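To keep things clear, I will list the structure first and then write my remarks on it.
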Amino acid sequence: MIRDLYNVRAQPPEGGTTPLTEEEERRVRAVFFHDLGNAIAERGWVRFPAYSPEERRRLVDVAHRLSAHWGQRVFVEAEDQCALRLYLAGHGPQPATPPLP
């Protein structure tokens, strides 16, 4: 049996252009700026999923915009393959301390 697929879009190759329109992209970045910015302001850091290179670029751009807005640097670090951590100085990864003897 053959089925027709409606409203299906082919995904661009890895590293290709975003499947969002310019307006959608602008709105997504504005929401991230607001929501992630509030979370960082409250506790100094936030963890957010980023599964594709485009999502990672989006979060890095949001961190740069927050840095410019606040006048202090917002750091970005990959926690694993699927998540990024955005944080202010003093709220990032702590150096491992050796156990006491």
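The values are calculated or read from the model by the stated rules, or taken from the named source; none is laboratory data. Since the structure is predicted, the reported quantities are computational estimates derived from the model, not experimental observations. Please note: Cβ atoms are built from the backbone with ideal geometry, for glycine as well, and neighbour counts cover all protein chains shown. Keep in mind that these areas ignore ligands, DNA and RNA; they rest on the heavy atoms of the full protein, side chains included. Shrake-Rupley method; radii C 1.70, N 1.55, O 1.52, S 1.80 Å.
Acidic (Asp, Glu), loosely packed, with under 15 Cβ neighbours inside 10 Å and modelled with pLDDT under 95: is that true of Glu23 in this structure? The answer is yes for Glu23. The residue that is farthest from Phe48 (Cα to Cα), counting only those in the stretch 72-88 that are part of a loop (DSSP other than H, G, I, E, B) and open to solvent by 70 Å² or more (accessible area, probe 1.4 Å), is Gln72. The residue of the stretch 26-55 that is farthest from the chain's Cα centre (by Cα), among those that are open to solvent by less than 40 Å² (accessible area, probe 1.4 Å) and among the β-branched types (Val, Ile, Thr), is Ile40.
Residue pairs whose Cβ atoms lie under 8 Å apart, separated by 6 or more positions or on different chains, with the first residue in the stretch 59-88 and without any contact (Cβ under 8 Å) to a residue 60 or more places away in the chain and the second of a type in the set (Asp, Glu), are Leu84/Glu77; Arg85/Glu77; Arg85/Glu79; Tyr87/Glu77. Could you grab me the full set of residues in the stretch 26-51 that are among the β-branched types (Val, Ile, Thr) and not in a helix (DSSP H, G or I)? Within the stretch 26-51, Val46 is the sole residue that qualifies.
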